[in-house]
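Novice: Quick one: this structure, given as structure tokens, is what I'll be asking you about.
What follows is calculated from the coordinates using simple rules that are stated; it is not laboratory data. As the structure is a computational prediction, the values presented were derived from the model and not from experiment.
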Amino acid sequence: MLSLSDCGERRLKPGRVKADQIRRTGARIVATLCHNCGDQLLEISKHYQLGIEVQAAVELVYQVLVWPPAGEA
């Protein structure tokens, strides 16, 4: 039976491909729609020292919404 630490190691090894892709883009923020993907990206970032911020796509949309639009208050 696998332990959680075994699963983590199994997630990190193939995650190197993602880490290399992210590193090549130079991205500082990586957006995801899926909570599980976000968890994996956080683990990958820490393990491979990417120094990225992982955010849900909805968080990014929320941050740019301004209501009412400027000048219409």
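Novice: How much length is gained if the chain between LEU33 and VAL58 is pulled fully straight, taking 0.36 nm per residue apart and subtracting their Cα-Cα distance, in nm to one decimal? Show your work: numbers first, answer last.
Specialist: On the way: separation 25, 0.36 × 25 = 9.00 nm, distance 0.76 nm.
The LEU33-VAL58 span can extend by a further 8.2 nm.
Novice: Can you compute log10 of I(q)/I(0) for the range 4-64 with the Debye formula, treating each Cα as one identical point scatterer, at q = 0.19, 0.22, 0.30 Å⁻¹?
Specialist: -0.68, -0.87, -1.31
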